[in-house]
Amino acid sequence: MFITFEGIEGCGKSTQVNYLVDGLENLGVSVFSTFEPGGTKVGQGIRRILLDSQNRNLSPLAELLLYAADRAQHVEEVLKPVLAQGKWVVCDRYLDATLAYQGYARGQEIGFIKALNQRVSRGIQPDITFLIDCPVSVGIKRALDRNKAMQEEGQDRFEREREEFHNSVRKGYLAMAEEEPERFVVVDGTFEEKALAGVIFDHIRPFLSPEDCGGG
Ligand code: TYD
């Protein structure tokens, strides 16, 4: 079972990934939690380049190819082998993020991104994708508060983007969710976090078999 989480900055993805992973582990499910960009050692290096606010002149195509490189490594080194072991995998961002950010928001050609995604994902597609939707103003405020709490200096390359950019990301995600309603579950990121974790878990419950919970 492969579950991905998507949404704009500060939508609460990472918090919800943690709730879901804890909830699954409590039921005895063998679950592996990972993320993009940076889910491998090679990917950590790529992530640093991508998020470094000094890299103002990173070209849109170079950016796209770096995300694709990160994903190619992550699929080969982590996703394929872990899924092959029959484990559940929860991943914070995957293919849809590239379509939303580099495609819908950054204006790179959607057909090219889809082809690239297909090539690097090697047929590994999410079974369910939770899109945590929230207004851009809410997400940005949370992302900035989080930076302050972590005493991180300034903002990363994406948090510096204009509100319009994040609105395009949000619209892109919502358009994709509409195109693929059987895979996407859109949830409200303005919900109180524990209540939202409950909503998310309710969607997962029907997929749990006794074998998954160590009972088979
Ligand atoms: P992430 O670590 O999920 O950051 P956050 O928790 O702040 O949302 O993602 C880092 C940034 O990378 C984020 O701004 C979204 C961006 N991103 C893309 O632009 N394209 C992609 O394919 C992926 C995976 C992420």
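Each reported figure results from applying straightforward, stated rules to the coordinates on display, with no laboratory input. Remember, predicted model here, so these are calculated numbers, not experimental data. Heads up, the Cβs are rebuilt from the backbone with ideal geometry, glycines too, and the neighbour counts pull from every protein chain shown.
Simple point charges give the picture: +1 on the Cβ of Lys and Arg, -1 on the Cβ of Asp and Glu, and for the chain a dipole about the Cα centre of about 540 debye. Note on the chain: dipole from Cβ charges, positive end direction compared against 88, 196, 67; the farthest Cα belongs to 67. Its DSSP H runs of at least 4 residues, each contributing -39,500 (n - 2.57), put the calculated 222 nm mean residue ellipticity of the chain at -15000 deg cm²/dmol, to the nearest 500. Database remark: amide H of residue 32 closer than 5 angstrom to the amide H of 88, 89, 90 (H placed geometrically; neighbours at sequence offset of 5 or more, or on other chains; Pro and chain starts carry no H). Of the trypsin sites (Lys or Arg not before Pro) found in segment 78-107, the ones in coil according to DSSP and having at most 16 other Cβ atoms within 10 Å of their Cβ are 87. Size of the chain from its Cα atoms: along the principal axes, largest to smallest, the extents are 54, 37, 35 Å. Shown in residue order for segment 136-142 are the 3J(HN,Hα) couplings computed by the Karplus curve 6.51 cos²θ - 1.76 cosθ + 1.60 at θ = phi - 60°: 4, 4, 5, x, 5, 4, 4 Hz (x for Gly and Pro). Does anything in segment 180-211 have its amide N under 12 Å from the 7 Å Cα→Cβ label point of residue 27, and if so which residues? Within reach of a label on residue 27, which here means backbone N under 12 Å from a point 7 Å along Cα→Cβ, segment 180-211 contributes 200-211. Taking the Kirkwood radius as Rh and the Cα radius of gyration as Rg, segment 25-108 has a ratio of Rg/Rh equal to 1.05.
Springs join every pair of Cα atoms under 10 Å in this Gaussian network model of the chain, and among 174, 20, 61 the largest mean-square fluctuation is at 61.
Note on the chain: lysine pairs with Cα distance below 26 Å, sequence gap of 8 or more or different chains, count 18.
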